1. Among the residues of the range A:1-19, what is the count of those that are closer than 11 Å to residue A:118 by Cα and surrounded by fewer than 19 Cβ atoms within 10 Å (Cβ to Cβ)?
2. I'm trying to understand the selection: among the residues of the range B:1-27, which are in contact (Cβ under 8 Å) with a residue 24 or more places away in the chain and of a type in the set (Asp, Glu)?
3. Looking only at residues that are surrounded by 15 or more Cβ atoms within 10 Å (Cβ to Cβ) and among the charged types (D, E, K, R) in the range B:46-88, which one is nearest to the other protein chains (Cβ to nearest Cβ)?
4. Would you point out the residue of the range B:89-99, among those that are out of contact with any Asp or Glu (no Cβ under 8 Å at 6 or more places or on another chain) and within 9 Å of chain A (Cβ to nearest Cβ), that is modelled with the highest pLDDT?
5. Can you tell me which residue is surrounded by the fewest Cβ atoms within 10 Å (Cβ to Cβ) among those in the range A:107-159 that are of a type in the set (D, E, K, R) and within 14 Å of chain B (Cβ to nearest Cβ)?
6. Quick test of your reading of the structure: residue A:30 fulfils all but one of (1) over 30 Å from residue B:55 (Cα atoms); (2) free of Cβ contacts under 8 Å to residues at least 12 places away in the same chain; (3) crowded, with 16+ Cβ neighbours inside 10 Å. Name the failing condition by number.
7. Test each condition in (1) under 13 Å from the mean Cα position of the chain (by Cα); (2) among the basic types (Lys, Arg); (3) assigned to a strand (DSSP E or B) for residue A:117 and report the one that comes out false.
8. All but one of (1) under 28 Å from residue B:60 (Cα atoms); (2) buried (at least 20 other Cβ atoms within 10 Å of the Cβ); (3) small (Gly, Ala, Ser) hold for residue A:23; state the number of the condition that does not hold.
Protein chains: 2
Amino acid sequence: MPKTEITAEPGSTLVTITRDFDAPRDLVFRAFTEPGLLVQWLGPRGLSTVVERYDVRDGGRWRYVQSSPDGGSHAFHGVFHGDPAPEAIVQTFEYEGAPGHVKLDTVTLTARDGKTRVRTVAAFTCVEDRDAMIAAGMEWGTREGDERLAELLAKLQAG
Amino acid sequence: MPKTEITAEPGSTLVTITRDFDAPRDLVFRAFTEPGLLVQWLGPRGLSTVVERYDVRDGGRWRYVQSSPDGGSHAFHGVFHGDPAPEAIVQTFEYEGAPGHVKLDTVTLTARDGKTRVRTVAAFTCVEDRDAMIAAGMEWGTREGDERLAELLAKLQAG
């Protein structure tokens, strides 16, 4: 199975994440934009995600809450820039536990021989914010979320 | 008169802009959020700015067009993340002449002995985008816009 490549150069404010998924681009795009699919793969296993709002359009706001079995919960929100499309899903992202630390995520989906390459560029406004999010488990959450997404895409294509 | 400090470290994806203005914070905030004031200072002299939309709220969209005397015009648009406040105006920004190259701007206004320090962090998603915007005249437009803002703030306080 292909693995998730995560790049975070020292001193940079970017994190770049790339992974190929064995599914057509339209299906991957649906998994990113339909809340009913999103909650099935977003983030690490063991957390349950509730999407409170997911307004997939230019200026549309989104918010979701992730809860762990021990009762802890973490909320996130942002805004879409431009109408989301497979060519680019651009959105701001803020963890409500660290208000004011906003990043800009750009996800591009590229079709490759029936597979889809998903590339995410997360742009932070300072190195400290980026490193804090990495320290908080961004890499772990991303890798496990990508594993779950691959499983979901396989299930959707089998079903 | 205080000058605008612009920092753009080689290889970074950030541009940081700082300047002190001799005006109270609330007035500076109005100059950033009221279209009727914004058009009087934004960008270099000689361009006229028409604000088509400026929806100052979380998820609100904005768009303006700047025209030069020779008839050329350039349009820009973005989305506010969070409700704009003097503590932080966070917004995406895209020049429509280079679609898909989005940056995230954070403006913070800090009161200092009756003056206001304006600090802007522009976060790009790659070094090439940042350097292209610098090459396109970002620094010149910023410095001249800041001069015009200082003049406008003086006029508003005298009037």
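The values are calculated or read from the model by the stated rules, or taken from the named source; none is laboratory data. Predicted model only: the values in this text are computed from it and were never measured. Positions of Cβ are backbone-derived with ideal geometry, glycine not excepted, and every protein chain shown enters the neighbour counts.
1. 3
2. B:20, B:22, B:26
3. B:61
4. Among those residues, the one meeting the criterion is B:94.
5. Ranking the candidates gives A:128 first.
6. Of (1) over 30 Å from residue B:55 (Cα atoms); (2) free of Cβ contacts under 8 Å to residues at least 12 places away in the same chain; (3) crowded, with 16+ Cβ neighbours inside 10 Å, only one is false for residue A:30: (1).
7. (1) is the only condition that residue A:117 fails.
8. Going through the list (1) under 28 Å from residue B:60 (Cα atoms); (2) buried (at least 20 other Cβ atoms within 10 Å of the Cβ); (3) small (Gly, Ala, Ser), residue A:23 breaks only (1).
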